[in-house]
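The values are calculated or read from the model by the stated rules, or taken from the named source; none is laboratory data. All of these numbers come straight from a predicted model, not from anything done at the bench. Every residue, glycine as well, gets a Cβ built from its backbone with ideal geometry; the counts of neighbours run over all protein chains shown. These area figures cover heavy atoms from the full protein model, side chains too; ligands, DNA and RNA do not enter into them. Shrake-Rupley method; radii C 1.70, N 1.55, O 1.52, S 1.80 Å.
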Amino acid sequence: MNVLRRTALAVTGAVGALVLMAAPVVAAPNDVDQAFLVGAHQSNLTEIASGQAAVEKATTSEVRELGQMLVTDHQALDAQVVAAAQALGVTLPAEPSTVQKAALAEVSAQTGQAFDNAWIAAQITSHRASLALGQRELANGAEPTVKALATASAPVVQHHLDAALAAAQKYGVPTSVPAGTSGEAATSSRTLGLAVAFGGLLLLAATSLLVVRRSRA
């Protein structure tokens, strides 16, 4: 499927989303919403830095390509997180958490194939954590814009996890937690392209409507 058709599908889906977004936003961000925005932002910052490290240090082309994918996708996801946080008045941290920075430093200290293996293992752990964060938001969040963001970002994060699990199998990297249903979401380029484009349009619509409503208040 070519890019134009993916874009057309994304726009078609966004039209339905705009209808849903026409309803008033009645819920202020609760603690879970705020935790999701902060956690997603810090995870995005971590994955961007991790992807850059893979591009610079990986010994295999596959890991370098995965690293570049993380940089590109998480920059796009983070732009949506930052826009939503600004519209909702949620302050975001300027850097990853202490634990995330320590994990990234530990991986980056490796060289050669040891780096590749440690990097793959770290991506499995971090993307599983990101999926769990999104699931908590969908279960317990209150603000529609934030819940829409969690919904739109999940297929992209799932795709990254699937890619890391495939690389782990190829290079013999242990995965300590069962993969579960990790292959069920966005395993095709069509689904991933739709998720990225739809997520951006959905968040743009939700954020714009939120700003307009607040300006009228």
Residue pairs, Cβ under 8 Å, 6 or more apart or interchain, first in the range 100-112 and over 14 Å from residue 123 (Cβ atoms), second open to solvent by 60 Å² or more (accessible area, probe 1.4 Å) and in a helix (DSSP H, G or I). List them. 111/57
Quick one: is residue 157 closer than 20 Å to residue 54 by Cβ, part of a helix (DSSP H, G or I), within 19 Å of the chain's Cα centre (by Cα) and not charged (D, E, K, R)? yes
Collect the residues in the range 50-98 that are of a type in the set (D, E, K, R) and either touching a strand residue (DSSP E or B) at 6+ places or on another chain (Cβ under 8 Å) or touching a residue at least 24 places away in the same chain (Cβ under 8 Å) (or both), keeping them in residue-number order. 57, 62, 73, 78, 95
Reported set for the range 121-130 where residues are open to solvent by 30 Å² or more (accessible area, probe 1.4 Å) and either more than 14 Å from residue 104 (Cβ to Cβ) or outside any helix (DSSP H, G or I) (or both) is 128
Please determine, by comparing only the residues of the range 84-96 that are under 17 Å from the mean Cα position of the chain (by Cα) and farther than 21 Å from residue 30 by Cβ, which one is least open to solvent (accessible area, probe 1.4 Å). 96
Residue check: is residue 75 surrounded by fewer than 20 Cβ atoms within 10 Å (Cβ to Cβ) and part of a loop (DSSP other than H, G, I, E, B)? no
